[in-house]
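See below for the structure under consideration.
No lab work stands behind these numbers, since they all come straight from the coordinates. Here the structure is a predicted model, which is why all the values come from computation and not from measurement. So basically every Cβ, Gly included, is an ideal-geometry build from the backbone, and we count neighbours across all protein chains shown.
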Amino acid sequence: MRRLSFAAAAAGILAVTAASAAFAATPNAVKIVASPTGLKYTQKVVRAHPGRIKITFVNPSALKHDVNVEKGETELGKSKTITKGTTTFYVTLKAGKYNFYCSVPGHEDAGMHGTLVVS
Ligand SMILES: [Cu+2]
């Protein structure tokens, strides 16, 4: 009985160590940057891991832009609309492909969108 509980405790410690090492090794964050001049982002595809994802949006332009994350027509998260600055927001996503786009009227249609791949 004593040996069994020691083994269980050791296994528990190993599991916790492995989990925290994996967490530390993969900061789950993406950066999306608006073009300084055009109606587009400088990334077409960004990648993250399932779970809570930090999205940093950088807009060097004087034009208003934002970042919205959606799956189909379901909105999953969005940044503030900013000019010449940086903002962050969080989304929690399962594995899959998501769209990101700018919700300022006309921008998405002009090409301001991309794909977020979560795997
Ligand atoms: Cu925009």
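The figures follow:
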{"item": "Alpha-carbon Rg/Rh ratio, for the range 28-118, with Rh computed the Kirkwood way", "result": "0.93"}
{"item": "Net +/- balance of residues flanking G77 in space, Cβ distance below 13 Å, scoring K and R +1, D and E -1", "result": "+2"}
